[in-house]
Amino acid sequence: MKTKLFSIILAFVSIGMIAQIDRTKQPKSGASPVIKLKTPVSFELKNGLKVLIVENHKLPTVTISMSLDNKPFALGNKKGVKSLLGGLLGAGSTNMSKTEFDEEIDFLGASIGFSSQSGYMTTLTKHLPKVLDMFADSALNPLFSQDEFDKLMKQNIEGIKSGVNSVKAIASRNQSFLTYGSNHPFGEFDTEEKMSKITLADVKDYYAKYFLPNNAYMVITGDVNPKKIKKQIKKLFKKWKKADLEITSLPVVNDVAKTEINFINMANAVQSEIAVINTVTLKKGDSDYFAALLANKILGGGGTARLFMNLREDKAFTYGAYSSLGASRYISRFKASASVRNEVTDSAVVAFLEEIKNIRDLKVSEEELKNAKAEYLGKFIMATEEPSVTAGYALDIKINNLPADYYEKYIENINAVTVEQIQAVANKYIKADNLRIVIVGKGSDVVNGLETLPYEIKYFDKKGNPIEKPVFSLDIPEGVTVETIMDASLKAMDPSSKVKSISYKYKAEMQGQVLELDMKTKAPNKLSVSMSMMGMVMSKQVFNGTIGYNEAQGQNIPFTQEQLDEYLASSFPFNEISYKKTATLSSFEMLDGKKVYLVKTKKTKTVFYDSETFFKVKEVEVQKGPGGQEMETIVMYSDYKEVDGVMIPHTYKMFFGPQEINFELVSATINAKIEDKVFE
């Protein structure tokens with residue numbers, strides 16, 4: 001009875017309290033939370049290694065990160081040495097082979113990784129002594145195996161090659177190269193020529209000169225006892241010898257004298273990569289740093305920012321448009337960027353520059369500033385709950401020479417920013433008259449529009465070298481049509497016109513595993529394609545001339561109506577038969593020094609034919625990814641050789657963004673009997 005009575009009284013009081021709330025007035029914001037970061041335990045070894053420890057006993061795990069705060073410098077012809085060193089560190093030690101090392105780490109459920117200037121490990125607390133010992137051993141006694149070096153060299157060169165046809169890779173590389181220059185560490189990039197000349201001795205030399213404790217910081221977070229781990233750190237790392245670091249001055253970087261467009265032509269581009277850039281000298285300790293953060297937040301710092309709302313939500317030019325404003329002890333940059341449809345490239349440039357002009361010329365609204373502050377602070381406050389973030393802040397304070405209470409006053413400093421300060425930093429750090437507009441795209445589609453803009457266009461090749469304006473599109477020779485191209489291609493591949501079926505087998509290496517591609521085609525339009533690894537079918541496509549399906553993870557998924565329509569309109573073994581009726585001749589262009597015909601086989605797919613051999617040399621298709629973003633797939637055909645009177649491409653390269661799969665022909669069988677059940 002007492003409990004029931006208490007409930008009634010509580011309900012009555014609650015109703016009374018609700019009745020007193022005036023819902024016509026917006027509730028007042030509460031006081032800003034007070035951030036009090038935990039002070040790390042810190043110590044320094046005689047060799048200069050500085051250690052920060054942040055205890056957190058919620059979980060029985062420990063994370064250790066180590067970073068070398070070396071001043072950046074250009075490596076020139078030795079540029080690739082850093083990536084090679086990063087790959088060799090952690091690949092065993094002089095005391096333990098790579099196989100033994102990997103097996104032991106897997107057994108302990110831990111992880112260890114390195115780059116050329118950092119190291120990382122995580123482990124359960126009970127395995128900390130053993131894993132830390134292995135971490136120190138691999139850092140201070142690297143194995144530097146020639147075999148492992150050769151494997152890494154091959155992987156790196158293949159990675160460089162795979163980027164040659166990637167519009168995004170070429171754009172990213174040249175945005176930095178053109179901004180900072182070839183002799184600046186932030187501008188130089190790896191090339192196959194540079195990489196192939198590096199030796200294992202070069203890696204060892206770099207390690208000896210720059211992997212030093214003098215400028216090294218170690219941050220330890222998690223379930224640790226500071227006294228115990230301090231003792232172990234001293235024992236394991238005291239033998240790490242310090243040495244004088246070679247310090248070189250950084251070259252001066254200048255923005256363009258007047259806003260200009262830097263254009264790089266890529267014939268396979270189905271979207272233009274646009275970046276609007278100027279250099280920035282901004283440090284975290286500068287008085288206007290917080291205003292600069294918020295100015296960028298309002299301009300392009302997320303899905304509610306001006307650039308996103310303008311270029312995506314209002315104009316539908318792109319799936320996302322963003323900006324960033326870097327802070328560094330050396331030099332950084334402002335960059336606004338997006339991937340846009342070819343046909344709106346010039347309009348997107350105008351939209352970017354309009355938003356930049358607006359944030360410089362007009363004060364942002366109090367509401368925009370308020371929302372930007374709220375979003376920034378929300379993320380900041382949540383982040384401070386993570387011990388690793390707390391440790392990172394402590395390291396940041398040391399490296400950037402910030403006040404000890406820098407992050408404790410972070411909220412206060414953000415809240416103090418005014419609309420006047422936003423406009424002032426926008427004018428200071430975004431240089432409207434000195435912007436470098438880097439565009440990588442298909443010149444034949446976009447340059448005419450860009451030439452209507454009031455900016456000089458300078459042309460560069462894929463490596464950032466200045467060139468004369470390329471010839472983007474050639475006049476299609478008189479009498480050339482889709483029909484004549486397809487007839488010539490069919491004659492080049494199948495001179496006898498008697499091919500009724502072809503069975504192909506290709507193989508490739510992917511992440512150390514052999515990938516097999518098995519393709520069977522039968523006239524008039526039957527197809528079976530399967531991809532397998534280690535004897536297991538990973539994916540399969542089958543079409544019997546009427547219906548078809550995709551097979552993945554043991555499940556058969558019937559073709560959509562769109563897929564079915566595409567296959568019904570196709571012809572096998574040679575699609576060129578159906579292209580005669582369904583495709584359109586798009587243009588006549590240059591591709592890697594050769595004249596090619598571009599044939600549009602459907603809205604999202606273009607096929608390239610060599611104008612001399614009439615062999616198919618390339619396909620580009622754009623498809624929607626799981627998140628709605630557009631994904632570009634490129635297939636390159638080369639090394640055509642005769643097999644039983646038919647010309648077959650012996651090399652078949654597929655590019656999915658930065659990922660490359662290089663297939664080599666194992667066998668091809670012409671007109672062998674293929675049972676119809678293969679296509680069921």
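Just so it is clear, none of the values below were taken in a lab; they were calculated from the coordinates. Just so it is clear, the model here is predicted, and its values are computed rather than measured. Every residue, glycine among them, receives a Cβ derived from its backbone with ideal geometry; neighbour counts consider all protein chains shown.
Here the simple spin-label model places points 7 Å from the Cα toward Cβ, and for K36 and E664 these points are separated by 6.7 nm.
Can you tell me the alpha carbon radius of gyration of the range 42-114 divided by the globular rule-of-thumb value 2.2 N^0.38 Å? Kindly include the intermediate steps, with their values, before the conclusion.
Values: Rg = 16.3 Å, N = 73, 2.2 N^0.38 = 11.2 Å.
So the Cα radius of gyration is 1.45 times the expected 2.2 N^0.38 Å.
Can you tell me, using C-alpha contacts under 8 Å and at least 6 residues apart, the relative contact order of the range 233-338 as a whole percent? Relative contact order of the range 233-338: 28 percent. For F663, the amide hydrogen comes within under 5 Å of the amide hydrogens of Y652, K653, M654, counting only partners 5 or more places away or on other chains and with H modelled in the peptide plane. The dipole here belongs to the chain: it is taken about the Cα centre, uses +1 on the Cβ of Lys and Arg and -1 on the Cβ of Asp and Glu, and is about 2400 debye. Length gained on full extension, K242 to N254, computed as 0.36 nm times the residue gap minus the Cα-Cα distance: 0.8 nm. For K228, the lysines whose Cα comes closer than 16 Å to its Cα, not counting residues fewer than 8 places off in the same chain, are K126, K130, K238. When each of the peptides 169-175, 142-148 is scored by the mean number of other C-beta atoms lying within 10 Å of its residues, the order from highest to lowest reads 169-175, 142-148.
Give the Debye-formula value of log10 I(q)/I(0) at each listed q (0.10 Å⁻¹), with one equal scatterer per alpha carbon of the range 482-679, two decimals each. One equal scatterer on each Cα of the range 482-679 leads to -0.42.
Peptides 506-512, 358-364, 348-354, 555-561: what's the order by average Cβ count within 10 Å, highest mean first? Numbers along the way, then the final one.
Values: 506-512: 13.9, 358-364: 16.4, 348-354: 19.7, 555-561: 10.9.
Highest to lowest by the protection proxy: 348-354, 358-364, 506-512, 555-561.
Using the structure shown, list the pairs from K204/K242; K284/K373; K154/K520 with a Cα-Cα distance above 25 Å, or answer none. List each step's numbers first, then the result.
Values: K204/K242 16 Å; K284/K373 17 Å; K154/K520 32 Å.
As for pairs spanning more than 25 Å Cα to Cα, those are K154/K520.
Straight-distance candidates among the lysines for linking to K581, with alpha-carbon spacing under 18 Å and chain neighbours fewer than 8 residues away dropped: K491, K600, K602, K603, K605, K616.
Taken one residue at a time, the phi angles of the range 542-548 give Karplus couplings (6.51, -1.76, 1.60, θ = phi - 60°) of 9, 9, 9, x, 10, 10, x Hz. Gly and Pro are set to x.
Across the range 260-467, Cα-Cα pairs farther apart than 26 Å form 40% of the total. Going through (i) 30.4, 100; (ii) 35.3, 112; (iii) 30.0, 107, the figure that equals Rg and Dmax of the Cα atoms in Å as computed for the structure here is (i). With the simple model of a label 7 Å out from the Cα in the direction of the Cβ, S365 to Q623 spans 4.3 nm. If R0 is 45 Å, what FRET efficiency do you get for D461 and K540 from their C-beta distance, rounded to 0.05? My answer for the efficiency is 0.65.
Between the beta carbons of S532 and E385, assuming R0 = 60 Å, the FRET efficiency works out to 0.80 to the nearest 0.05.
Here's how it looks for N525: its modeled amide H is under 5 Å from those of F572, which are all 5 or more places away or on a different chain.
Residues whose amide H comes within less than 5 Å of that of N262, counting only those at least five positions distant or on another chain, are I437, V438, I439, K458 (H built at 1.01 Å from N in the peptide plane).
All other residues with a Cβ under 14 Å from the Cβ of E420 taken together, and with Lys, Arg as +1 and Asp, Glu as -1, what is their net charge? Around E420, the surrounding residues sum to -1.
Along the range 255-269 the Karplus relation, 6.51 cos²θ - 1.76 cosθ + 1.60 evaluated at θ = phi - 60°, assigns HN-Hα couplings of 6, 5, 5, 8, 3, 9, 9, 9, 10, 10, 8, 9, 5, 8, 5 Hz to successive residues, with x for each Gly and Pro. Across the range 87-96, computed HN-Hα scalar couplings (Karplus, 6.51 cos²θ - 1.76 cosθ + 1.60, θ = phi - 60°) run x, 7, 5, x, 9, x, 9, 5, 9, 7 Hz from first to last residue, x flagging Gly and Pro.
Counted residue by residue at 0.36 nm each, then reduced by the alpha carbon distance between them, the extension gain from E680 to A424 reaches 85.3 nm.
Could you work out the local net charge near M636, counting Lys and Arg as +1, Asp and Glu as -1, over the other residues with Cβ closer than 15 Å to its Cβ? Mind dumping the intermediate values first?
On the way: positive: K161, K594, K605, K616, K618, K653; negative: E158, D592, D610, E619, E621, E632, D639, E660, E664.
Residues close to M636 contribute a combined charge of -3.
Using 0.36 nm per residue and subtracting the Cα-Cα separation, the extra length available between E313 and D286 on full extension is 6.3 nm. Helical content of the chain, expressed as a calculated mean residue ellipticity at 222 nm, amounts to -10000 deg cm²/dmol (DSSP H runs of 4 or more residues, -39,500 (n - 2.57) each, divided by residue number, nearest 500).
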